[in-house]
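J.: Below is the structure I would like to discuss, written out as structure tokens.
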Amino acid sequence: MLSLEDLGWSASFEAHFAPHRDLGEPARVSAQHRDGYRVLTVHGEARAEAAGRLFHQGELPAVGDWVVYAEGRVRALLPRKGALARRQAVGRKSEDRAAAAQVIAANVDTVFVVTSLNRDFSPRRLERYLAFAWEGGASPVVVLSKADLCEDVRGRLLETERIAPPMVPVVAVSALTGDVAALQPHLQPRTTVALVGSSGVGKSTLLNRLLGEERMEVQQIRMADDKGRHTTRHRELFVIPGGALLVDTPGLRELGFVEAEDGLDAAFHDVQEAAARCRFRDCSHESEPGCGVKDAVEAGSLAEDRYEAYQRLRRELAFEQRKTDVRAALAEKQRNRKLSRAIRRIKEE
């Protein structure tokens, strides 16, 4: 039987749990389905439903969360130390589709950003995933999968290392042939690792290899274009041999940011180094005089495609922030209207 520490429990979670001790016992969410959750406790695995007040509070558990569990119910959600979250469109009509945060995994220490070494390899997508990982409070590791399908693995490694910041490990693996030894230093006992990437990059095959058994269904990519197909349909946490906790996630066809300014800066370390030489502190790196970023592009020390990708993601973040500000202003206006109506009713009485 696993201990709480085996599941990633720490002193900080213990402190957050203390006020809820009378409500139940600590548990970690291991799977999320449409009809409820599965949680791991010191007594084993159990099914659970979220208590009604969690729906009213507007924050439901996600895979990797620590919760207070009793009698088949999640009674409380403990504060997260970080969360991988993406923008999710809600609303039926296009004019009122809003961006809501969808938590993919919580309390993650390391993110394996998996991208395959076939024709679907995309540096621009990799940049987006790196920003996503950092913003969630986790340390990314770039995993180049399907090395057996690539004729120039060394060349791809060098290309990826030019994109990834120096502190980010880049490893090539082949789950098909069993060559996954490069991942072992990043799979320490009691640490939580999330697998993220697009559909068909080989996450399920990789998970099966690390588990040592065929637990997850695997589908072949389309031969016509090397595009992937969805295999994983829900998020799930596994304890793998060696003691690491691995979260498998469905392939993300679209990765919209909720907030990722810090993650963006970390992913584009070369742009930030050039920006330190800008004449103006609030330089937008577009048309200002003395822009260190534009100078670096002209000098060839910063690749133009990197600069364009950075600006494109900055504009996307600014657009999402404007939408958030508008929604917040509308919500405040509606609250004020309700308050005014309530005051008028009291006066009329």
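J.: Stretched out fully, how many nm does the piece from GLU308 to ILE240 gain, at 0.36 nm a residue minus the Cα gap?
T.: 20.5 nm
J.: May I ask you to derive the FRET efficiency for VAL153 and GLU273 from their Cβ-Cβ distance with R0 = 35 Å, giving the value to the nearest 0.05?
T.: So, using R0 = 35 Å, E works out to roughly 0.80.
J.: Okay, moving on. With θ set to phi - 60° and the Karplus curve 6.51 cos²θ - 1.76 cosθ + 1.60, what are the ³J(HN,Hα) couplings of the stretch 101-111 in order, to the nearest whole Hz, using x for Gly and Pro?
T.: Per-residue couplings from phi come out as 7, 10, 6, 8, 7, 10, 6, 9, 8, 9, 10 Hz.
J.: Extending each Cα 7 Å along its Cβ direction at GLU213 and LEU60, get the distance between those two points in nm, one decimal.
T.: Distance between the two pseudo-spin positions: 2.9 nm.
J.: Quick one: net charge of TYR69's neighbours, Cβ under 12 Å, K/R +1, D/E -1?
T.: Local net charge: 0.
J.: What residues qualify as long-range amide H neighbours of ALA31, i.e. H under 5 Å apart, gap of 5 or more or another chain, H built at 1.01 Å from N?
T.: Sorted by chain and number, the residues that satisfy this are ARG38, LEU237.
J.: While we're looking at this one, here's another question. Going by the alpha-carbon gyration tensor, a ≥ b ≥ c the square roots of its eigenvalues, is the stretch 261-314 rounded (a/c under 1.5) or, if a/c is not under 1.5, prolate (a/b greater than b/c) versus oblate?
T.: Judged from the Cα gyration tensor, the stretch 261-314 comes out oblate (a/c at least 1.5, b/c at or above a/b).
J.: What FRET efficiency comes out for ARG281 versus ARG124 if R0 is 30 angstrom and r is the Cβ-Cβ distance? Round to the nearest 0.05. Before the final figure, lay out each step's value.
T.: Numbers: r = 28 Å, r/R0 = 0.93.
Calculated transfer efficiency: 0.60.
J.: Provide the gained length on full extension for the span ALA318 to ARG21, in nm with one decimal, where the gain is 0.36 nm per separating residue minus the Cα-Cα distance.
T.: That pair, ALA318 and ARG21, stretches by 102.7 nm at full extension.
J.: Here's something else I'd like to know. Under 15 Å from a point placed 7 Å out from the Cα of SER10 along the Cα-to-Cβ direction: which residues of the stretch 178-213 have their backbone N that close?
T.: Output list for this probe position: 188-194.
J.: Residues with beta-carbon under 15 Å from that of ALA18, excluding ALA18: net charge, scoring Lys, Arg +1 and Asp, Glu -1? All intermediate terms of the calculation are to be shown ahead of the outcome.
T.: Values: positive: ARG21, ARG75; negative: GLU14, ASP22, GLU25.
Around ALA18, the charge tally is -1.
J.: Here's another thing I want to ask about it. What distance in nm separates the simple spin-label points at ARG341 and ASP35, each placed 7 Å from Cα in the Cβ direction?
T.: Each label point lies 7 Å from its Cα, and together they span 3.9 nm.
Just so you know, all these numbers are worked out from the coordinates, no wet-lab data involved. Because the structure is predicted, anything quoted here is derived from the model rather than measured. Using ideal geometry, Cβ is built from the backbone for each residue, glycine included, and neighbour counts are taken over all protein chains shown.
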